[in-house]
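For reference, the structure discussed in these notes is given below.
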Amino acid sequence: MKAVCWYGTQDVRVETVDDPHILNPHDAIIKVTLTAICGSDLHLYNGYNPSMKSGDILGHEFMGEVVEIGPAVTSLHIGDRVVIPFAIACGQCFYCRRQLWSLCDNTNPNAAMLEKVYQDSTARLFGYSHLFGGYAGGQAEYVRVPFADVGALRVPPEFNDEQVLFLSDIFPTGYMAAENCTIQTGDTVAVWGCGPVGQFAIQSARLLGADRVIAIDRFPERLRMAQQYGQADVINYEDSDDVVDRLRSMTGGRGPDACIDAVGMEAHGTTLAAWYDRVKQSASLETDRPIALRECIYACRKGGTISIPGVYSGFIDKMPFGAAFGKALTFKMGQTHVHRYMRPLLELIQRRAIDPSFLITHRVPLSQAREAYEMFCNKEDSCIKVVLTP
Amino acid sequence: MGDNERLLVSLGGAALLLRGLKRGDWAGLAAAAAGSGLLYMGATGRNPLAQAFGIRFVETRDCGRRVEVVKSMTINRPAAELFAFWRDLRNLPRIMPHLRSIDVITEKRSHWIVDAPAGFTAEWDAEVVNEKPGTLIAWQSCDGSDVANWGVVRFAEAPGGRGTEVMVELEYEPLAGTAGVALAKVLGEEPSQQVEDGLRHFKQIMETGEVPTVEGQPRGPQPKTVWSGRLVPRSTVAPSRIISLRKTRYLS
Ligand SMILES: NC(=O)c1ccc[n+]([C@@H]2O[C@H](COP(=O)([O-])OP(=O)(O)OC[C@H]3O[C@@H](n4cnc5c(N)ncnc54)[C@H](O)[C@@H]3O)[C@@H](O)[C@H]2O)c1
Ligand SMILES: [Zn+2]
Ligand SMILES: [Zn+2]
């Protein structure tokens, strides 16, 4: 089959590889009908995850048709059309039973390796480095899905793939980011990053009752999308001297009630602090650039919430923890517990409260994945979200 | 630390250091750090790693030093079920891949064959010396064992419906001296790591019915030069060398 494989920093190739097989009793094989490139893939693409190996198959946002099932799979049938959550969860452990699916104890075959770094091991992810399980991903014609009963969401025929694909990751991710803000009447939510995750966070904050959403980015097309689909007020941080001051003045001096960092470890910045992070990161003295996160902490009102869907992987530096402590902020973060949100969000789509396909700016065949990665990474051609068809 | 042991440790340390630096990633850095630690230990005869790696040496009357491993894990199943799985010793190779086989000879006595570091094997007879259904199983190796060992696994109800806390305590005489333990530990074939991996597999099988794996999945074509990942390839160790190593170990 054809698959998108990682070979090094900014080096992905579409290669011919073996078809996947059932390896464990709860596995299923899915014939992929639609897949997407995620901002999280860019961290791998840009070489920020040291546990990638040449030839790893990428991709954790995908859907398709069940073509083979293992002997222990009970709820799926050949021919079912399904969306698969990006995190793999067993459904049986302490964490799964408490709906904390992305913290699953039992799905990381390289658990000992992750424990050396984090002291704990969490759910493994498709196509996401050996630290996180080394699992072959779904930017391919076929993919093996472990614990298929637990994860797969069967989708009704009335929806096309583009409407439901993002239930695999970014819609739940944006939604959980907004839910983590415990939004109250009158709340203002500020969202750093208007990529796919930011866009869903913005719309979800609205759906959850935010009075006002302020979106921050530097790409006009992304800010326009936030205005058009999320009725957000926007800040282009390249046009404003100081984002924190700007947010303060937009909120009567209080600061936003909740701040969402939908940027993560590869934040871009023009300030002195940003250059500091860049230099340290390239010298491997810091693994992540927490530019947006620092701004979140300074901007947030006292007693407010910082919600962090943006991915951090290692160590960050110069955290204004005194400000966070002094202002008694609440921090919520983590990989999304996708399984928890798939059904409720499918209902939102069914009720026409949202149509996730608004996000797609580019549709390309899987064979052009290399070009698609480059375009999405460099934000060329106003690219916001690429879907790939095998 | 004996001279031979020092040499072994230095060589292993240098290999790890080089291998780690070559990899240039986190795991590589860890290996490099461990490697330089072993070099230090080889050069000075001191053992800063023992503590860092959580290895406890126990002085004994007869044979110098022993190693004690204590690991625990919470498993979301009732104690009786976990006890029953473990007490049927033939199940253990399913959760500890380094256990080549366990033959149950009588109700109490069994024969164990394990894969030891760097392609060697070790064998012994063991006897269950104490058992309380649903609570504990204790065993001990019999005279003439390759690796003298003693252990107990305890099952205790975890609070608030969290299942069962399983604790394994193991004491053994390491193969090729204590430094062999540190070296093997870094290479991933040391009993403490094996016990931990074994407990994890136990948990995975009891909670989900399978051990997660990525062995056998597809991947892209491989570039030609890749590090093989093993200092001594298993297949190159001739059986005669295994026997001679055993002999020299008893002589020294
Ligand atoms: N928690 C999860 O489970 C989960 C799931 C999916 C994605 N993610 C993470 O969410 C983050 C965003 O993903 P995405 O797909 O939207 O990626 P993306 O790269 O398309 O979007 C990031 C956006 O942040 C903007 N940005 C960069 N620096 C900024 C700054 N200093 N201030 C404000 N905006 C800034 C960029 O211009 C870009 O539009 C990534 O870190 C990704 O890994 C997390
Ligand atoms: Zn994603
Ligand atoms: Zn689980």
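The values are calculated or read from the model by the stated rules, or taken from the named source; none is laboratory data. Worth saying up front: this structure is predicted, and the values here are computed from it rather than measured. FYI the Cβ positions are ideal-geometry reconstructions off the backbone, even for glycines, and counts take in every protein chain you see. Heavy atoms of the whole protein, side chains included, go into the accessibility calculation; ligands, DNA and RNA do not. Shrake-Rupley method; radii C 1.70, N 1.55, O 1.52, S 1.80 Å.
For chain A, a crude dipole built from +1 on the beta carbon of Lys and Arg and -1 on the beta carbon of Asp and Glu, taken about the Cα centre, is about 900 debye to the nearest 20. Counting only protein chain heavy atoms and rolling a 1.4 Å probe, the accessible areas of A:Ser240, A:Ser367 rank, largest first, as A:Ser367, A:Ser240.
Tell me, what is a quarter of the convex hull surface for the C-alpha atoms of chain A, in nm² with one decimal?
Taking the Cα atoms of chain A, their convex hull projects to 17.8 nm² on average.
Work out how much length A:Gln184 to A:Ser75 would gain on full extension: take 0.36 nm times their residue separation and subtract the Cα-Cα distance, in nm to one decimal.
Numbers: separation 109, 0.36 × 109 = 39.24 nm, distance 3.87 nm.
Full-extension gain reported as 35.4 nm.
Here each label is just a point 7 Å from Cα along the line to Cβ, and for B:Glu169 and A:Asp18 those points are 4.5 nm apart. Note on segment A:191-246: with neighbouring protein chains present and a 1.4 Å probe, carbon and sulfur make up 38 percent of its accessible heavy-atom surface. When Lys and Arg each count +1 and Asp and Glu each count -1, what net charge do the other residues less than 15 Å away from A:Thr35, Cβ to Cβ, add up to? The answer is 0. Here the gap between B:Ala84 and B:Thr213, fully extended at 0.36 nm per residue and compared with their Cα-Cα distance, gives a gain of 43.9 nm. Electrostatic bookkeeping for A:His339 treats Lys and Arg as +1 and Asp and Glu as -1; over the other residues with beta carbon under 13 Å from its beta carbon, the sum is +2. Measuring with a 1.4 angstrom probe and ignoring ligands and nucleic acids, B:Met96 comes out at about 20 Å² accessible.
How far, in degrees from 0 to 90, does helix A:196-207 lean away from the longest principal axis of the Cα atoms of chain A, to the nearest 10? Roughly 70 degrees, rounded to the nearest 10.
Taking all protein chains as shown and a probe of 1.4 angstrom, B:Trp86 keeps an accessible surface of around 10 Å².
About the Cα centre, and with charges only on the beta carbon of Lys, Arg (+1) and Asp, Glu (-1), how big is the dipole of segment A:16-137? Nearest 20 debye, please.
Using only the charged Cβ atoms, the result is roughly 280 debye.
Taken as Cα centroids, segment A:262-299 and segment A:334-356 sit 31 Å apart, rounded to the nearest whole angstrom. Counts of other chain beta carbons within 10 angstrom of each beta carbon in peptide B:198-211 average 5.
Taking a Cβ cut-off of under 12 Å around A:Leu44, the surrounding Lys, Arg, Asp and Glu residues balance to a net charge of -3, with basic ones at +1 and acidic ones at -1.
Centre-to-centre, using Cα atoms only, segment B:69-138 and segment A:190-237 are separated by 57 Å. Modelled this way, with points 7 Å down the Cα-to-C-beta line, the labels at A:Glu347 and B:Asn130 are 5.5 nm from one another. The residue list A:Ser54, A:Gln10, A:Phe171 was ranked by how far each Cα lies along the charge dipole of chain A toward its positive end, using unit charges on Cβ atoms, and A:Phe171 comes out on top.
In this structure A:Ser249 has an accessible area near 90 Å², from a 1.4 Å probe over the protein heavy atoms. When the solvent-accessible area of segment A:263-313 is split by element, carbon and sulfur atoms take up 62 percent of it, the probe being 1.4 Å.
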